[in-house]
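The values are calculated or read from the model by the stated rules, or taken from the named source; none is laboratory data. On a predicted model such as this, the values are computed, not experimentally measured, just so you know. Cβ coordinates were reconstructed from backbone atoms using ideal geometry, including for glycine residues, and neighbour counts include every protein chain displayed. Ligands, DNA and RNA are stripped out before the accessible areas are found, and what is left, the full protein with its side chains, is counted by its heavy atoms. Shrake-Rupley method; radii C 1.70, N 1.55, O 1.52, S 1.80 Å.
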Amino acid sequence: MKFHSTQEILTVAALVSLAACGGSGSTVPNAQPSFAPGVTSRIVGVGDSLTAGYQAGGFLGQFQPPVPNPNAGAPFPIVPPGQESGWWSLLYQQANGLTWASQANPQTTVLPLIAGPGLGNQLVTAGPTSPLPFSNSKASDCQSDDMAGFSSSLWSTTRLNAGGTNYDLGVPGITIHEAIAMNQPLAPTCAPIPGIAPSLAGLLAVVNGESSLFYPVLGQYQSQLGKNLTELNAAVMLKPTLATVWLGGNDLLKYAFSGGQFCLGDSTHMVGNTCAIDTSGAQVQADMTTIISTLQKAGAKVVVANIPNVLELPQFARVANPPAAAACVVQTYLVCVYEGVLTPIFIAKGDPNAIADAQAAALGITAYVAATYHLSPSGYLTETGAITALEQALNPLTGAVTVTNINLDPTGPGTGIGALYLTPAFAAQVQSYNDTLNAGIGAAASALSVPVVSVKDINDGIASGTGPFFAQVASINPAPNPKTGAPFTCCSLAFGFGLLSFDGVHPSNTGYALIADAFIQTINSAYGTSIPQPNLQAVYQGTGTNAAFPDPYAPH
């Protein structure tokens, strides 16, 4: 079941804020083309980390910043910027005849360009002596640059263009309701937030993420909006002719990473007197209706997107064994990931039976985790859980695997739920809430006659391994991959197969181009525009006007 090389799988996990990846599909409920020539004259993005162009656990816009990769021999001497390659950036470029370079230039960009070394702790390719293929770009998430992001007065030091006007208002970590009501960071510093248990480290990362990035994205609008500084109010102030709205993923991840505990009796998770996430379909619809109608009243045409089934993303690895080896190149199975990591480790240790021994060890770890934490038949490990289990089981000096060392309940029975693993029962709850969010988004869009980019349908199609969406992504580089044995090199939703960055949640450059493709198709269909679509292969290869380097998160 081998499917990954050591350069193509498993990251040192930073649990991050959003879930999505896309392709070229959409639904347009009740939308009528307007043929208005000015529709694209001022495009404003309302959203979260996806709209922001966040990648691999970090937020960076400076090209070739002073951020050397700490791992000798790594192919990228710098942390690659993600903002310019985000789907919203590509949409803006295509609609206005601009280039990737124009968005990397602080003098011409419409992005809130984040200066090096970036905010957050970006994941980078590890060196040849590391037992895992990826590591962190920083020693800490709370370096001086990160801490400055929390400050209403120091945020400008995190930006390359603090005096410019940015139209991409995506705040990583923000929820649907927070886009309306949040007017300052929820957390004041990088220090652990009171009220969030240490076992909920993933939730803490999301809350801290939105707090450290609120001012770097929106801080320049403080003087005009004062206490009314919210993402929605900033968007209205910019008088958009076209507004994109993509929210909901953080509602879902805050629920999932907290083991379903978010907003239950803890004021830390509140915005005013309201839970920071919408807990019912009616609340989702009401908040989305407020966002859409407010933008429409400001004169904007609006397009929204729904969220994918998050459990299809490689942030979550299935503990069930795949039905066939071919499934390993389509979706993320724990045993496939472990086999891909362990095989080169065993080879490097001189094991004459490295392939067979790696497969046996992968099966052993997976079976132990499934039995011990009651994850059969439909449970998952989070990316952090998968790495934690491997690190605890593997002796990096000898290559020996001892499964009884694995402990995924760090502070008592059940404390790993959400942060490290999802039981079948909780996974079903996550999926149910996923469906609730999409139903509310769809109902609001339908009632207000705005088009919907169905990222859910796109991802479902890719995850199925059949049909037009899967065929589109598998054709980006259809050559068989000699390192993995896969029938194509790129792309799919399996871990390391090119559509997601190292964090297993945020898209690669190629994945973002697919999302831009879908938004552009929808906008052209609904509003009579003629925005050219991006060249996916060119973005993947790093050629053409929409890219400056080959996609660092996709196999080549």
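A few remarks follow.
- Filtered residues of region 102-121 (kept if assigned to a loop (DSSP other than H, G, I, E, B), open to solvent by less than 10 Å² (accessible area, probe 1.4 Å) and modelled with pLDDT under 95): Gly118
- Check on Thr388, outside any helix (DSSP H, G or I), among the hydroxyl-bearing types (Ser, Thr, Tyr), out of contact with any strand residue (DSSP E or B) (no Cβ under 7 Å at 6 or more places or on another chain) and at pLDDT below 95: no
- Residues in region 282-300 that are surrounded by fewer than 24 Cβ atoms within 10 Å (Cβ to Cβ) and not in a helix (DSSP H, G or I): 2 in all.
- Number of the condition not met by Asn71 [criteria: (1) at pLDDT 85 or above; (2) in a loop (DSSP other than H, G, I, E, B); (3) over 20 Å from Ser144 (Cα atoms)]: (1)
- Scanning region 501-524 for residues that are small (Gly, Ala, Ser) and touching a Pro at 6+ places or on another chain (Cβ under 7 Å) gives Ser501, Gly504, Ala513, Ala516.
- Residue in region 415-423 that is free of Cβ contacts under 8 Å to residues at least 12 places away in the same chain and either in a helix (DSSP H, G or I) or surrounded by fewer than 24 Cβ atoms within 10 Å (Cβ to Cβ) (or both) present: no
- Candidate set from region 405-431 (those that are within 18 Å of Thr384 (Cα to Cα) and of a type in the set (S, T, N, Q)); member that is farthest from the chain's Cα centre (by Cα): Asn405
- On inspection, Ala243 fails the criterion of being within 23 Å of the chain's Cα centre (by Cα) and modelled with pLDDT under 95.
- Some residue of region 383-399 being of a type outside the set (Lys, Arg) and without any contact (Cβ under 8 Å) to a residue 12 or more places away in the chain: yes
- Number of residues in region 342-369 that are open to solvent by 10 Å² or more (accessible area, probe 1.4 Å) and closer than 27 Å to Gly259 by Cβ equals 3.
- Some residue of region 189-211 being at pLDDT 85 or above, in a loop (DSSP other than H, G, I, E, B) and surrounded by fewer than 24 Cβ atoms within 10 Å (Cβ to Cβ): no
- Note on region 511-556: residues that are on the phi > 0 side of the Ramachandran plot and not in a loop (DSSP other than H, G, I, E, B) amount to 0.
- Residues (crowded, with 18+ Cβ neighbours inside 10 Å and part of a helix (DSSP H, G or I)) located in region 132-146: Asp145, Asp146
- Ala327 being small (Gly, Ala, Ser) and without any contact (Cβ under 8 Å) to a residue 40 or more places away in the chain: no
- Close pairs from region 477-490: first farther than 19 Å from Val341 by Cβ, partner of a type in the set (A, V, I, L, M, F, W, C) and surrounded by 20 or more Cβ atoms within 10 Å (Cβ to Cβ), Cβ under 6 Å, at least 6 apart: Asn477/Cys490; Pro478/Phe488; Phe488/Ala474; Cys490/Ile476; Cys490/Ala554
- The set of residues from region 497-552 being open to solvent by less than 10 Å² (accessible area, probe 1.4 Å) and aromatic (Phe, Trp, Tyr) comprises Phe497, Tyr512, Phe519, Tyr540.
- Close pairs (7 angstrom Cβ cut-off, 6 or more residues apart or separate chains): charged (D, E, K, R) in region 218-247, open to solvent by 10 Å² or more (accessible area, probe 1.4 Å) anywhere: Lys227/Asn183; Lys239/Arg42; Lys239/Ala298; Lys239/Gly299
- Which listed residue is closer than 29 Å to Tyr540 by Cβ and either in a loop (DSSP other than H, G, I, E, B) or in contact with a helix residue (DSSP H, G or I) (Cβ under 6 Å, 6 or more places away or on another chain) (or both), from Gly461, Gly399: Gly461
- Here Leu493 clears all of (1) among the aliphatic types (A, V, I, L, M); (2) open to solvent by 20 Å² or more (accessible area, probe 1.4 Å); (3) in contact with a strand residue (DSSP E or B) (Cβ under 8 Å, 6 or more places away or on another chain) except the condition numbered (2).
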